[in-house]
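To keep things clear, I will list the structure first and then write my remarks on it.
The values are calculated or read from the model by the stated rules, or taken from the named source; none is laboratory data. The structure displayed is predicted, hence computed values, not measured ones. Cβ sites come from the backbone with ideal geometry, for glycine too, and all protein chains shown count toward neighbours.
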Amino acid sequence: MDDILDIAFENMKLGKEETAEGEIAANWTKVVGRAFAGKCAPDRLTDDGVLMIHASGAAVRQELSFIKRQMLSSIQKLPRCGHVRDLSLRTT
């Protein structure tokens, strides 16, 4: 049973190993600021370095687009996140 759980955690990228996604999630308020932290969330990071971000509405998505460069720069400075090359803003 332990072997099965270890394999499942490894496949889902859960466990002890820290990931870029985990770094971004842990620092999300620092990346987007308090005003936006509850209105958007990181979804997933593609293999080619694009972070998908879900915004709560079109107005939030547009406001985030104004600070997109700042957000990307903040993310790239995080450990394990230097390979993030772009952000994709989407509404939920």
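Observations on the model:
- In the stretch 41-61, the residues that are surrounded by 12 or more Cβ atoms within 10 Å (Cβ to Cβ) and part of a helix (DSSP H, G or I): Val60, Arg61
- When Ser88 is tested against (1) surrounded by fewer than 14 Cβ atoms within 10 Å (Cβ to Cβ); (2) in a helix (DSSP H, G or I); (3) of a type in the set (Ser, Thr, Tyr), just one condition goes unmet, and that condition is (2).
- Within the span defined as the stretch 66-82, one or more residues are part of a loop (DSSP other than H, G, I, E, B), on the phi < 0 side of the Ramachandran plot and in contact (Cβ under 8 Å) with a residue 60 or more places away in the chain.
- Residue within the stretch 20-36 that is at pLDDT below 95, part of a loop (DSSP other than H, G, I, E, B) and either surrounded by fewer than 16 Cβ atoms within 10 Å (Cβ to Cβ) or over 10 Å from the mean Cα position of the chain (by Cα) (or both) present: no
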